[in-house]
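Worksheet: one structure, shown below.
The values are calculated or read from the model by the stated rules, or taken from the named source; none is laboratory data. On a predicted model such as this, the values are computed, not experimentally measured, just so you know. Neighbour counts are summed over all protein chains in view; Cβ atoms, including those assigned to glycine, are modelled from backbone coordinates with ideal geometry.
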């Protein structure tokens, strides 16, 4: 962690309002951009960014300035949790499936005929994605919509890459199983 950030966070932990203002000004664009990519909704991203900073203010004392986690990782974790809480409240996931390539990438092995067939199942797949855990939905969305690597996702979510890989694999397996039960997808 940069010395400048350590000083700022330490002042915030002591209740310095000017330090909070500086910290928020510095990191607001970073958090907002992350949430825009995650939610694909400017209004929701703004609301969640504000919620992230409210949670930061309430719990700044929990951040260890000399611990392993970077401050930016701590903030991303808070924002991710705000997003997951929002998903739980609304019991839905906002995923833009305009790109049928996303759907095809979930279940295709690059065979053109199979990709075309898979595109027909986009609506069914999006419905079945709602049955996944929030962690699985977020991991799948970051991997296939945002195009992030497992390493990038693990850094953003502060989770081991093998855990991210497992969430994605288990989520996709569950979607396939549910579609097979309905007779809508055949491997």
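Of note:
- Odd one out for residue 177 among (1) modelled with pLDDT of 90 or more; (2) surrounded by fewer than 17 Cβ atoms within 10 Å (Cβ to Cβ): (1)
- The range 1-48: number of residues that are closer than 21 Å to residue 61 by Cβ and not in a helix (DSSP H, G or I): 5
- Here residue 64 fits the description: out of contact with any helix residue (DSSP H, G or I) (no Cβ under 8 Å at 6 or more places or on another chain) and either assigned by TED's automatic domain parsing to the domain that holds residue 16 or loosely packed, with under 14 Cβ neighbours inside 10 Å (or both).
- Qualifying residue in the range 21-35 (condition: modelled with pLDDT under 85 and in contact with a helix residue (DSSP H, G or I) (Cβ under 7 Å, 6 or more places away or on another chain)): no
- For the range 156-172, filtering for residues that are more than 18 Å from residue 145 (Cα to Cα) and free of Cβ contacts under 8 Å to residues at least 24 places away in the same chain leaves 4.
- A single entry from 55, 131, 135 fulfils the requirement of being at pLDDT 85 or above, touching a helix residue (DSSP H, G or I) at 6+ places or on another chain (Cβ under 9 Å) and either surrounded by fewer than 15 Cβ atoms within 10 Å (Cβ to Cβ) or assigned by TED's automatic domain parsing to the domain that holds residue 165 (or both): 135.
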